[in-house]
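Just below is one structure, and these are the notes that go with it.
The values are calculated or read from the model by the stated rules, or taken from the named source; none is laboratory data. Please read all numbers here as calculations on a predicted model, not as lab measurements. Positions of Cβ are backbone-derived with ideal geometry, glycine not excepted, and every protein chain shown enters the neighbour counts.
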């Protein structure tokens, strides 16, 4: 059941319990009915038994008319399954009288079958009949003193008990099957509609996470409403915490940048001194590092909030126009092929910063052409979101494997003649990592460097 939904687990659990309950109930009812049928059959046998004992004890009728008061025609029908037998046991050679239905057969003794005398002085149980039938039989020893000792037995075809019980079991099985189907359908209905609010909450939270909504909206049952309220409160508290973090980051930026500006101004005012150049150089590095780490802190705070969604194609197109203006003097052509369905699960300014660094770097090293492609990849597994693949190619000289590893490090530059701080690719790697993405460098088909930026999509 691992990985199964709550509805499935509840349904399987309810089904298992329902089957067990119906099976146990059916077994109990079948046993009770069988016992009741046996008791009714035994009462009938006991009635015949008492009648026979009365005939033996007071033989008022002539021998040829004796035992006619039983009133059961089956005792006269040969091998009918209904028999009586009276055996005198106090003689050296037992004398036996039996119903016509027995013909020349004899009934077995229950005593030989291991049946014990009951408190009423009788034995009762099942035996095999003359024709292989199963008989329900009752026998009683009778002591008439000087008139002799007798063993009186009456047997009836147990097929009546078995048929009654079998018919009841069939009826019970059909009834319980129908009842089980109705209960299962009722359970399905209850589970499906009873858990529908939880499914709505799950879908609403997925919408919030993907940026399609900001809060849980709508009416919920009283049992689920507290969960919705607490979830909205958690979202609000998270946003408040992030806003405070942003404020602290901004305050820290101002607090650090102001002393740095003073240092730079003082060093610029004393350029004639030998130490001023070194101070200006290190102050510039400090400024870049502070900007980088503050930006990373700002992004880290922002991605902990429920994400927004950014249309990728318009953002890339705006970057293309901007970069063409910046590198107009070099005549760099920037071609964009973006899937209109592409959406980034994050804020637009972060997307522009990552892609902007890649496109700007490509324009600096390209001979004449930069290609930007935006692809939407299918989820790697069910339930996962789409992935964006942004590919930036240039037709420059490209980089070796050692150079690719080097430029990804913070502050590393391969050519000091090119403008920049050497932090561009490092910033892209850091920001992509914060969003759960990655940056991969390779060789472009058009001859230069290929940068593949993978990001979460919607």
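Okay, here's what the table says:
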item	result
Residue match in the range 84-96 (condition: assigned by TED's automatic domain parsing to the domain that holds residue 50, surrounded by 14 or more Cβ atoms within 10 Å (Cβ to Cβ), in contact with a helix residue (DSSP H, G or I) (Cβ under 8 Å, 6 or more places away or on another chain) and in a loop (DSSP other than H, G, I, E, B))	no
Residue in the range 178-186 that is exposed (fewer than 13 other Cβ atoms within 10 Å of the Cβ), under 30 Å from residue 75 (Cβ atoms) and at pLDDT 90 or above present	no
Residue 121 being modelled with pLDDT under 95, surrounded by fewer than 16 Cβ atoms within 10 Å (Cβ to Cβ) and either in contact with a strand residue (DSSP E or B) (Cβ under 7 Å, 6 or more places away or on another chain) or part of a helix (DSSP H, G or I) (or both)	yes
Selection count where residues are in a helix (DSSP H, G or I) and surrounded by 11 or more Cβ atoms within 10 Å (Cβ to Cβ), scope the range 326-340	2
Flag if residue 142 is under 17 Å from residue 44 (Cα atoms), touching a residue at least 12 places away in the same chain (Cβ under 8 Å) and not in a helix (DSSP H, G or I)	no
Residues (in contact with a helix residue (DSSP H, G or I) (Cβ under 6 Å, 6 or more places away or on another chain), modelled with pLDDT under 70 and either under 24 Å from residue 365 (Cα atoms) or in a helix (DSSP H, G or I) (or both)) located in the range 293-325	294, 296, 297, 298, 299, 300, 301, 303
Qualifying residue in the range 55-64 (condition: within 18 Å of residue 139 (Cβ to Cβ), at pLDDT 85 or above, in contact with a strand residue (DSSP E or B) (Cβ under 6 Å, 6 or more places away or on another chain) and in the same structural domain as residue 128 (by TED's automatic domain parsing))	no
